[in-house]
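Below you'll find the structure, written out as structure tokens, and then a few comments.
Coordinate-derived values only; no laboratory data. Bear in mind the structure is a predicted one, so any value in this text is a computation, not a measurement. Note that we place each Cβ from the backbone using ideal geometry, even for glycine, and neighbour counts take in every protein chain shown.
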Amino acid sequence: MSFRPEWYQDRSSRPGGLWGMGDWSGFRVILTITGAFWAIEFLAGTLFGGSTPLASLMALRAWNITDANELSFNLLFPLQCFTYMLQHAPGLSHIGWNMFFLYLFGRELEAFMGKDAFLRLYVVGGFVGGLVQWAVAVVTHDPTPVVGASAAVYSVMVLYVLRWPRRTIFLLFPPIPLPAALLVGIKVLGDIGGAFAGATGTAHFAHLGGALMGLVWWKSGDFVGRFSMRRKRTKAEKQSQKHEPDRREMDRILAKIQAQGLGSLTSKERAYLDRRSRELREQQKR
């Protein structure tokens, strides 16, 4: 299989960041944030006998059920394609297995890709998986909410086995070596069967959407990171072009001072120098 050097162009970890998480691994960031949301829901269910209104807003759905028991289109779905992966079903099983598989496959992949690219893969995989599940729900008029990080985890698992097809992993049950490609292949085939058999209770299409993103990432590399870099480069070039006339004018005035002295400047040129001096001082204070 071919080698994709663009996967790990940026391995640097930035200090600070979100809540001081800049020096954390991507896996640790995901585990902490996802676990915090699960704990909030667990406490809400224990203390108040139900989930919080925030959980209902964060879950992904294509349709809402009105008081008249009719379906209304859910306009919050673009945001929910991101937030749904932070929510999980009650109990430890759903979040536990998702984070366990992320632990098995994600740590080595993050070490290879770098933290930033790994987080981009996770988020984009979850988003695309949610979008696929949402599209199916739109067509079938299914108002069932979807929660969980499974689609994001699938993108990580699929990219892992494409990069290292001969890797062996250890599951908890059974505690024996198992080819990673075999495990992921069984899970993907199971979702294909479940999706087209109309099985309920599991977001099979979300899983398949996440798996597809893992394949796309393998073929294309970190296209999200490249797009972001192009945007930053374009913005920097526009800023440079915007200030080019100022630089030329400043060079002209400085050359005039060097050749003829400060007294040779006109009132307009002196005003220009004063304005640029104030602007530079303000920039230094920021």
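List the residues whose amide H sits under 5 Å from the amide H of Ile169, counting only those 5 or more places along or on another chain, with H placed 1.01 Å from N in the peptide plane.
Under 5 Å from the amide H of Ile169: Leu178, Ala180.
How far is helix 115-140 tilted, in degrees, relative to the longest principal axis of the Cα atoms in the chain, given as a value from 0 to 90 rounded to the nearest 10?
Orientation of helix 115-140: about 60 degrees from the principal axis.
Would you work out the relative contact order for the chain, in percent, from Cα pairs under 8 angstrom that are 6 or more residues apart?
On the way: 342 pairs, mean separation 52.9, N = 286.
The value is 18 percent.
Count the net charge of all other residues whose Cβ sits under 14 Å from the Cβ of Phe170, scoring Lys and Arg as +1 and Asp and Glu as -1. Kindly include the intermediate steps, with their values, before the conclusion.
On the way: positive: Arg107, Arg167; negative: Glu108.
Net of charged neighbours comes to +1.
Given the C-alpha atoms of region 145-241, compute the convex hull and give its volume per residue in Å³.
On the way: hull volume 14.4 nm³, N = 97.
So the per-residue hull volume is 148 Å³.
Find which of Ala180, Phe118, Val158 sits farthest along the positive direction of the dipole of region 5-221, computed with +1 on the beta-carbon of Lys and Arg, -1 on that of Asp and Glu, about the Cα centre.
The Cα lying farthest towards the positive end belongs to Ala180.
Sorted by average packing, counted as other Cβ atoms within 10 angstrom per residue and highest first, what order do 118-130, 256-268, 145-157 take? Walk me through the numbers before you get to the answer.
Working: 118-130: 24.5, 256-268: 10.2, 145-157: 27.2.
My ranking of the peptides, most packed first, is 145-157, 118-130, 256-268.
List the residues whose amide H sits under 5 Å from the amide H of Gln87, counting only those 5 or more places along or on another chain, with H placed 1.01 Å from N in the peptide plane.
Excluding prolines and chain starts, which carry no amide H, the hits are Gly148.
Rounding to the nearest 10 and keeping the result within 0 to 90°, find how far the Cα-based axis of helix 204-220 lies from the longest principal axis of the chain.
It works out to around 40 degrees.
Report, in deg cm²/dmol and to the nearest 500, the calculated mean residue ellipticity at 222 nm for the chain, where each DSSP H run with n ≥ 4 adds -39500 (n - 2.57) and the sum is divided by the residue count.
Values: 10 runs with 188 residues, N = 286.
So the calculated ellipticity at 222 nm is -22500 deg cm²/dmol.
With contacts defined as alpha carbon pairs under 8 Å and 6 or more residues apart, what's the relative contact order of region 128-286 in percent?
25 percent.
Please get the size of the charge dipole for the chain, origin at its Cα centre, with Cβ charges of +1 on Lys and Arg and -1 on Asp and Glu, quoted in debye to the nearest 20. All intermediate terms of the calculation are to be shown ahead of the outcome.
Values: 33 positive and 21 negative charges, 328 e Å.
My answer is approximately 1580 debye.
Cα-Cα pairs above 17 Å in region 118-163: how many percent? Kindly include the intermediate steps, with their values, before the conclusion.
Numbers: 390 of 1035 pairs.
More than 17 Å apart: 38 percent of the Cα pairs in region 118-163.
Cα-based Rg of the chain per 2.2 N^0.38 Å, rounded to two decimals? Can you show the working numbers first?
Values: Rg = 26.2 Å, N = 286, 2.2 N^0.38 = 18.9 Å.
Relative to the rule-of-thumb radius for its length, the chain sits at 1.39.
Cα-Cα over 30 Å: which of Lys115/Lys219; Lys187/Lys219; Lys187/Lys232?
Values: Lys115/Lys219 20 Å; Lys187/Lys219 21 Å; Lys187/Lys232 39 Å.
Beyond 30 Å between Cα atoms: Lys187/Lys232.
Place the peptides 27-33, 65-71, 159-165, 89-95 in order of packing, highest mean first, counting for every residue the other Cβ atoms within 10 Å and averaging per peptide.
Result, highest mean Cβ count within 10 Å first: 159-165, 27-33, 89-95, 65-71.
When the convex hull of the Cα atoms of region 141-182 is projected onto a plane and the area is averaged over all directions, what value comes out in nm²?
Numbers: hull surface 17.8 nm².
Value for region 141-182: 4.5 nm².
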